[in-house]
Amino acid sequence: MNNFTTLGQFIIEKQADFPYAKGELSRLLRDIGIAAKIVNREVNKAGLMDILGSAGNTNIQGESQQKLDVYANEQFISALRSGGECCMVASEENETVIPIDSAVSKSAKYIVAIDPLDGSSNIDVNVPVGTIFSIYRRISPEGPALLSDVLQKGTEQVAAGYIIYGSSTMLVYTTGRGVNGFTLDPSIGEFCLSHPEMKIPENGTIYSINEGYYVHFPQGVKSYIKYCQVEDEASNRPYTSRYIGSMVADLHRNLIKGGIFIYPCTAAAPNGKLRLVYECNPLSFIIEQAGGRATNGSTRILEVEVNTLHQRSPIFIGSEQMVLKAESFMNEVFEPS
Ligand code: P6P
């Protein structure tokens, strides 16, 4: 496959990996790629358009919705609605699921869970933001899809991916057969294969956590942070601290360079901040497919039971050896302060 393989060509060529596929997943991934290009166009000129700043309302999370949040949400839902391959959308920006019950879509095989613009509080300061998506097979029989169709464990994902709107715009995804990265070439408006078969380094020297909350972290997390900071030439410590505050950007850097990203629980947020369905599961599927590890400090993220749509989970994700090391500190029996 040459470097100029477009996303569309790649999806079709890889379709052969799915002997019973009839093209639905390929078309669904294409629909997501098209919406990503539309959102990218607006993200790239957010400073020029009256699209910056809050939309004046708040989302289910109680976070002020940036106009670009609202725009991105509408673009992805619209693309999925018109594409005909998705029977229900669950968006991090919406309180409830969105059944797509048009004649074509209501019997479609797939459900999409999406965080249309993660890290959007960074839009106004020109820090990379991202879209995160998961694709599941519907499990309910014919008729309108049900909430239970999206409350599936992360192991049931058919595909997952993210788009990072950064110094370049990339789409990175997996269908369970490895991870591939595509960079948008604006001159032709195509995502082109730029990072084939991505693998996260087994170990690394970058740790990514919001140390502003240090006093509220469980003792095991505090101990691991101190471990990262201790001088030890043999294990390349002290590590480097890097925290962008946009999960897709932090994860993408660690996927390429190696590293660990931690968003732990605190006394105030016993399940952490990040959403299991919209952030933890899709990014964990990708990192595992790239050879990394993702847990909540003890349990594999993809095995965590999904009980509610906006359920949160602590997450330790990245290079396998770093996550295992961090977990070893979590086995110390301490209470979050
Ligand atoms: P904090 C963005 O709001 C987000 O959901 C993730 O993209 C990011 O990693 C995290 O929250 C940042 O949270 O509490 O460190 O500002």
| task | Run Glu211 past the list (1) out of contact with any strand residue (DSSP E or B) (no Cβ under 9 Å at 6 or more places or on another chain); (2) over 29 Å from Gly161 (Cβ atoms) and report the number of the one that doesn't hold. | result | (1)
| request: Kindly provide the set of residues from segment 112-139 that are of a type in the set (A, V, I, L, M, F, W, C) and either within 14 Å of the ligand (Cβ to nearest atom) or open to solvent by less than 10 Å² (accessible area, probe 1.4 Å) (or both), ordered by number. | output: Val112, Ala113, Ile114, Leu117, Ile123, Val125, Val127, Val129, Ile132, Phe133, Ile135
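Results for (1) without any contact (Cβ under 8 Å) to a residue 40 or more places away in the chain; (2) more than 29 Å from Val104 (Cα to Cα); (3) in a loop (DSSP other than H, G, I, E, B), shown as yes or no for each residue.
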residue: Tyr136; (1), (2), (3): yes, no, no
residue: Ile139; (1), (2), (3): yes, no, yes
residue: Ala159; (1), (2), (3): no, no, no
residue: Tyr162; (1), (2), (3): no, no, no
residue: Tyr173; (1), (2), (3): no, no, no
residue: Leu184; (1), (2), (3): no, yes, no
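Being closer than 19 Å to Asp17 by Cα, outside the structural domain of Arg275 (by the TED database) and crowded, with 24+ Cβ neighbours inside 10 Å: is that true of Ala145 here?
Working: closer than 19 Å to Asp17 by Cα: no; outside the structural domain of Arg275 (by the TED database): yes; crowded, with 24+ Cβ neighbours inside 10 Å: yes.
Criteria not met by Ala145.
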| task | Would you be able to say whether some residue in segment 272-291 is away from the ligand (no atom under 16 Å from the Cβ), surrounded by fewer than 23 Cβ atoms within 10 Å (Cβ to Cβ) and of a type in the set (S, T, N, Q)? | result | yes
| Residue match in segment 173-193 (condition: surrounded by fewer than 21 Cβ atoms within 10 Å (Cβ to Cβ) and within 16 Å of the ligand (Cβ to nearest atom)) | no
| said: So for segment 204-217 (the condition being more than 30 Å from Lys14 (Cβ to Cβ), aromatic (Phe, Trp, Tyr) and open to solvent by 30 Å² or more (accessible area, probe 1.4 Å)), does at least one residue qualify? | reply: yes
| query | Can you pull out the residues in segment 272-284 that are of a type in the set (Lys, Arg) and either part of a loop (DSSP other than H, G, I, E, B) or without any contact (Cβ under 8 Å) to a residue 24 or more places away in the chain (or both)? | reply | Lys273
| query | Which of the residues spanning segment 239-271 are in a helix (DSSP H, G or I), more than 13 Å from the ligand (Cβ to nearest atom) and surrounded by fewer than 24 Cβ atoms within 10 Å (Cβ to Cβ)? | reply | Ile256, Lys257
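The values are calculated or read from the model by the stated rules, or taken from the named source; none is laboratory data. Small disclaimer: the values here were computed from a predicted structure and weren't measured. Methodologically, a virtual Cβ is constructed for each residue, glycine included, from the backbone with ideal geometry; neighbour enumeration extends over all protein chains shown. Areas reflect the complete protein model, heavy atoms only, side chains present, ligands, DNA and RNA absent. Shrake-Rupley method; radii C 1.70, N 1.55, O 1.52, S 1.80 Å.
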